[in-house]
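Notes for the one structure printed next.
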Amino acid sequence: MRVISFAEQPNGLDAEALLGEQGRAARQWAHFESRPQQLAMARRAQQAFRELFHLAVEAGTGVGKSFAYLAAAMDVALRKAGRVVISTYTINLQQQLVQKDIPFLEALLDEGVVVRLAKGRGHYLCKRRLDYAKHRQQRLFDDSGVELIALADWAARTEDGTLSDLPELPSPQVWQAVQSEHGNCKGRQCGYYSRCFYWRARRQLEAADIIVANHALLFSDLALKSEGVGVLPDYDYIVLDEAHTIEHVAEEHFGIHISQYTIASLLDRLYHVRRRRGLLAWLNDADEARRCVRQCRTAQQVFFAQVQAWFAHAGEETGGRCEPGFVDDNLSGSLKELRLSLVRLVKSLKDEEDKFELGRSIDRLAEAEADLRDFLQQTREDCIYWVEAENGKYRRITLRAAPLDVGPYLRERLFGPHKAVILTSATLSCGQANKQGFAFFAERIGLDTFEALQVGSPFDYARQVTLYIEADMPDPNAPDFIDKAANTIQKYLLKSQGRAFVLFTSYAMLRQTAERLEDWLDRQEMKLLAQGSGLDRDRMLSLFKQDDRCVLFGTDSFWQGVDVPGEALSNVIIVRLPFAVPSHPLIQGRIERMRQQGQNPFMEYQLPMAIIKFKQGFGRLIRSKNDTGMVVVLDSRIVQKHYGRQFLAAIPECRMEIVTAARFDAL
């Protein structure tokens with residue numbers, strides 16, 4: 001397929017003139033670097049949008065892929081060819097696009113392009129509900145007067161009306177009572193409609209050429225569009241950045257997630273028995289509904305106690321995976337009875353505001369009831385159902401279900417209805433520098449017909465990175481692995497003077513290794529930050545960047561989406577190859593189905609998935625052209641097993657040292 005230059009399109013956007021060595025970006029910003037990889041991606045993205053095909057692009061670190069796809073999106077806008085939605089997984093990337101990249105490129109254009117940020121409805125304050133909460137404050141809350149006064153004062157001043165504009169976040173209970181909600185909105189019939197933050201934002205989106213959203217909001221819109229409604233205006237073109245996450249997002253979105261706290265929160269909103277607060281508190285003719293709430297609360301406690309007892313007995317053996325009717329359903333009937341009692345109550349009420357609030361609770365009860373019955377009866381043949389139990393003083397029990405294959409959902413709702421979808425990330429392929437390298441990613445998400453582009457990083461990995469492989473380490477499943485790994489980690493931490501990420505595949509191994517190294521690190525005056533010790537990821541990253549001898553032990557969330565440029569991160573230690581835990585119910589279900597279909601689950605599923613994650617971990621080290629450092633692999637299978645070479649082939653070429661016992665002291 002011929003690659004069309006932007007310059008061949010007289011009414012379009014010329015990539016060379018925008019992003020080339022002598023282009024507008026270089027003339028406007030002295031530090032701008034024109035990159036051949038970026039230009040190649042921009043041209044290919046424009047071609048996808050002009051010729052209407054789906055495109056998967058793997059762009060290595062430092063390519064500047066956001067400028068590439070933004071140039072193509074702006075080309076669509078300037079040609080008046082349709083609306084583009086650009087979706088990201090992380091808030092950080094979304095903020096980078098809206099606050100930095102888009103304004104920079106917009107300033108280079110002769111014509112205006114209208115770009116809007118889309119936020120989920122729950123981010124917006126509803127003025128009508130704020131008035132409702134203020135007038136019924138004593139009925140709804142114990143003591144939230146100060147918060148409501150502050151919200152009312154802010155609502156009178158803010159132009160934005162969303163959580164991100166609040167100087168101080170209110171309690172979750174108060175925000176839940178005042179946020180904009182689907183099913184609890186009068187629309188044009190509301191007295192606040194012309195001044196409504198949410199509807200004003202919707203009208204602005206209607207006028208947008210480019211909409212920036214996140215994956216969760218986009219997937220919600222795709223689901224609603226299939227039912228004839230939506231949360232976003234119509235669009236024909238989509239860019240999915242951080243596209244390696246979309247299978248996970250789809251699992252979450254098209255699955256089931258029920259916990260005892262989900263149900264308890266819904267019941268508390270209606271009526272908290274001990275505090276005598278809630279929508280039903282002091283309402284006339286609500287005795288039956290209050291009785292049903294009490295009955296539901298008891299049923300909920302009994303039900304989740306059953307689930308917890310089942311998990312304690314069978315959870316370890318089954319990994320939490322459960323069969324239909326694994327416990328008695330003594331909850332959905334109570335939810336239904338409460339729902340019907342609220343329906344009767346609403347019919348008798350005269351106050352329209354009470355009707356709207358209770359109407360939303362009725363909808364949420366119906367959703368919980370349907371999800372619970374679906375889970376216990378396991379009505380979806382393509383789903384895996386399981387129970388999760390969090391450790392801690394208060395053990396949260398969660399019922400989970402997810403599709404074995406999200407491909408059919410995405411094929412029907414994402415790729416089918418839209419003219420062109422561009423999917424991009426630094427980690428989409430399994431190593432091969434051709435379309436076949438994208439086969440695993442494409443199959444997982446239902447992307448049947450597409451073009452592919454792989455552009456490498458402009459960084460000089462051969463100069464900037466040394467890869468050390470500990471060839472004599474025992475198998476990671478061996479009893480002495482953790483002790484030997486801890487000793488080897490010491491060697492490399494001394495070599496880099498801390499400033500290291502140590503990446504694990506399980507919390508258990510992380511904790512055991514941390515226990516062995518805690519005293520040693522203290523003696524070396526190296527600060528240890530261990531995931532799971534009470535700090536959230538953002539706080540851990542902030543502390544890591546501030547300390548010049550810090551060591552961070554992380555699991556899943558630190559393998560990707562973490563950016564620490566400069567000397568603060570000079571060493572990434574990968575303790576074991578990141579194969580997914582085969583006992584996880586969803587992984588287990590997929591392995592079983594592949595075996596039934598005569599496939600090789602290890603070679604066709606577990607290995608490609610581990611290779612992509614390995615690339616993500618490796619990619620944490622080099623974030624700019626000036627970064628240098630080492631990546632250390634403690635899993636000797638990478639050189640001892642036949643499949644190990646596929647991991648090495650998937651990462652950029654760099655200097656590699658195979659470390660054996662004979663070379664131990666030399667390092």
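The values are calculated or read from the model by the stated rules, or taken from the named source; none is laboratory data. Quick caveat: nothing in here was measured; it's all calculated off a predicted structure. Neighbour counts run over all protein chains shown; Cβ positions are idealised from the backbone, glycine included. SASA here: full protein model, heavy atoms, side chains in, ligands and nucleic acids out. Shrake-Rupley method; radii C 1.70, N 1.55, O 1.52, S 1.80 Å.
Rolling a 1.4 angstrom probe over the protein chains, ignoring ligands and nucleic acids, what is the accessible area of residue 217 in square angstrom, nearest 10?
Accessible area of residue 217: about 20 Å².
Nearest 5 percent is fine: what portion of the DSSP beta bridges confined to the chain is antiparallel?
Details: 15 of 66 bridges.
That works out to approximately 25 percent antiparallel.
Decide, for region 162-263, between rounded, prolate and oblate: order the square roots of the alpha carbon gyration tensor eigenvalues as a ≥ b ≥ c, take rounded if a/c falls under 1.5, and otherwise choose prolate if a/b is larger than b/c, else oblate.
Oblate, because a/c is 1.5 or more while a/b does not exceed b/c.
Any chance you could run the full-extension gain for residue 139 through residue 114? It's 0.36 nm times the residue separation minus the Cα-Cα distance, nm to one decimal.
Between residue 139 and residue 114, full extension yields 4.6 nm more.
Assuming R0 = 22 Å, what is the FRET efficiency of residue 194 and residue 157, from their Cβ-Cβ distance, to the nearest 0.05? Show your work: numbers first, answer last.
Details: r = 18 Å, r/R0 = 0.81.
Step by step, r from the Cβ atoms, then E = 0.80.
Whole angstrom only: what separates the Cα centroid of region 124-187 from the Cα centroid of region 586-622?
Rounded to whole Å, the Cα centres lie 45 Å apart.
Do me a favour and compute the ellipsoid semi-axes for region 440-533 from its Cα gyration tensor, root of five times each eigenvalue, largest one first, whole Å. It would help to have the intermediate numbers written out before the result.
On the way: eigenvalues 224, 77, 43 Å².
Working from the Cα gyration tensor, I get semi-axes of 33, 20, 15 Å.
Counting only Cα, what are the radius of gyration and maximum Cα-Cα distance Dmax of region 571-667, in Å?
Just the Cα atoms of region 571-667 yield Rg and Dmax of 16.0, 50 Å.
Hey, what angle do you get for helix 537-546 against the long axis of the chain, alpha-carbon based, 0 to 90 degrees rounded to 10?
Helix 537-546 sits at roughly 40 degrees to that axis.
When we measure straight from the Cα of residue 347, which lysines land under 27 angstrom away, once same-chain ones fewer than 8 places off are left out?
Here the lysines satisfying the reach criterion relative to residue 347 are 127, 134, 186, 336, 355.
Starting from the residue with the highest accessible area, list 603, 630 in decreasing order, probe 1.4 Å. Don't jump to the answer; show the numbers that get you there.
On the way: 603 70, 630 20 Å².
Heavy-atom accessible area, descending, gives 603, 630.
I'd like to compare 363-373, 306-316: which one has the highest average count of other Cβ atoms within 10 Å, and what's the full order after that?
Details: 363-373: 17.3, 306-316: 15.3.
Result, highest mean first: 363-373, 306-316.
Treating only the Cβ of Lys, Arg, Asp and Glu as charged (+1, +1, -1, -1), what charge dipole size does region 237-326 show about its Cα centre? Round to the nearest 20 debye. Each step should come with its number before you reach the end.
Values: 10 positive and 12 negative charges, 204 e Å.
About 980 debye.
Which value, in Å² and to the nearest 10, is the accessible area of residue 124 when all protein chains are kept and the probe is 1.4 Å?
Rounded to the nearest 10, that gives 10 Å².
Hey, what do the phi angles of region 193-206 turn into as Karplus ³J(HN,Hα) couplings, whole Hz, using 6.51/-1.76/1.60 and θ = phi - 60°, x for Gly and Pro?
3, 5, 10, 6, 4, 5, 6, 5, 5, 4, 5, 5, 5, 4
Are there GluC sites (Glu not before Pro) in region 53-147 that DSSP puts in a loop and that have at most 11 other Cβ atoms within 10 Å, and which ones?
In loop regions of region 53-147 (DSSP not H, G, I, E or B), the sparsely surrounded GluC sites (Glu not before Pro) are 111.
Under a 1.4 angstrom probe, counting protein chains only, how are 480, 221 ranked by accessible area, largest first?
Heavy-atom accessible area, descending, gives 480, 221.
At 1.4 Å probe size, what's the solvent-accessible area of residue 604? Round to the nearest 10 Å².
For residue 604, the solvent-accessible surface is approximately 80 Å².
How much FRET efficiency would the formula 1/(1 + (r/R0)^6) give for residue 520 and residue 206, where r is the Cβ-Cβ distance and R0 is 51 Å, rounded to 0.05?
Details: r = 60 Å, r/R0 = 1.18.
The value I calculate is 0.25.
Please identify the trypsin sites (Lys or Arg not before Pro) of region 11-93 that satisfy two criteria: DSSP loop assignment and at most 15 other Cβ atoms within 10 Å. Which are they?
Sparse-neighbourhood loop trypsin sites (Lys or Arg not before Pro): 79, 80.
How much length, in nm to one decimal, is gained on full extension between residue 389 and residue 658, taken as 0.36 nm per residue of separation minus their Cα-Cα distance? Display every interim value, and only then the final one.
Details: separation 269, 0.36 × 269 = 96.84 nm, distance 4.10 nm.
Computed gain between residue 389 and residue 658 is 92.7 nm.
Only helical DSSP H runs with n ≥ 4 go in: add -39500 (n - 2.57) per run for the chain, normalise by residue count and round the 222 nm mean residue ellipticity to 500 deg cm²/dmol. Don't jump to the answer; show the numbers that get you there.
Details: 27 runs with 292 residues, N = 667.
When only DSSP H runs of four or more count, the value is -13000 deg cm²/dmol.
For the residue pair residue 584 and residue 223, what label-to-label distance in nm results when each label sits 7 Å from Cα along the Cα-to-beta-carbon direction?
2.0
Using only Cα atoms, locate the centre of region 262-278 and the centre of region 440-493, then give the distance between them in Å, rounded to an integer.
One Cα centre to the other: 49 Å.
Where does helix 481-496 land angle-wise versus the long Cα axis of the chain, in degrees 0 to 90, nearest 10?
70
Can you list residues from other chains, or at least 5 along the same chain, whose modelled amide H is less than 5 Å from the amide H of residue 62?
Amide H neighbours of residue 62: none.
To test your reading of the geometry: what angle, between 0 and 90 degrees and rounded to tens, separates the Cα axis of helix 36-51 from the longest principal axis of the chain?
50
Using a 1.4 angstrom probe on the protein heavy atoms only, line up 559, 520, 29 by accessible area, largest first. Mind showing how you got there, number by number?
Values: 559 0, 520 25, 29 105 Å².
Reading off the accessible areas and sorting them downward yields 29, 520, 559.
Distances over 16 Å make up what percent of all Cα-Cα pairs in region 378-479?
Details: 3886 of 5151 pairs.
Everything past 16 Å amounts to 75 percent.
On a 28 Å Cα-Cα criterion, which of the cross-link pairs 119/435; 491/527; 419/615; 419/625 come out too long? Could the numbers behind the result be given before it?
Values: 119/435 34 Å; 491/527 16 Å; 419/615 31 Å; 419/625 37 Å.
Beyond 28 Å between Cα atoms: 119/435; 419/615; 419/625.
With no solvent and one point per C-alpha, what does the Debye sum give as log10 I(q)/I(0) for the chain at q = 0.07 Å⁻¹?
Per q value, in the given order, log10 I(q)/I(0) is -0.55.
I'd like the trypsin sites (Lys or Arg not before Pro) in region 283-363 restricted to DSSP loop residues with at most 11 other Cβ atoms within 10 Å, sorted by number. Could you put the intermediate results ahead of the total?
On the way: sites: 290, 291, 294, 297, 321, 336, 339, 344, 347, 350, 355, 360; in loops: 350.
Answer in residue order: 350.
Once you order the gyration tensor axes a ≥ b ≥ c over the Cα atoms, which shape class does region 330-383 get: rounded for a/c under 1.5, otherwise prolate or oblate by comparing a/b with b/c? Mind dumping the intermediate values first?
Working: a/c = 4.77, a/b = 2.49, b/c = 1.91.
Prolate shape, in that a/c is at least 1.5 and a/b is the bigger ratio.
Cα gyration tensor of region 436-492, axes a ≥ b ≥ c as square roots of the eigenvalues: rounded (a/c below 1.5), prolate (a/b > b/c) or oblate?
On the way: a/c = 4.76, a/b = 1.73, b/c = 2.75.
Since a/c reaches 1.5 but b/c is at least a/b, the shape of region 436-492 is classed as oblate.
With θ set to phi - 60°, apply the Karplus curve 6.51 cos²θ - 1.76 cosθ + 1.60 along region 405-412 and write out the HN-Hα couplings as whole Hz, x wherever there is a Gly or Pro.
Working through the residues one at a time gives 9, 7, x, x, 5, 6, 4, 6 Hz.
Let me know the whole percent of all Cα-Cα pairs from region 493-621 that are separated by more than 20 Å.
On the way: 4019 of 8256 pairs.
Above the 20 Å cut-off, region 493-621 has 49 percent of its Cα pairs.
Considering only 442, 137, 429, whose Cα is most displaced toward the positive end of the charge dipole of the chain, charges sitting on Cβ of Lys, Arg (+1) and Asp, Glu (-1)?
Positive-end residue among those listed: 137.
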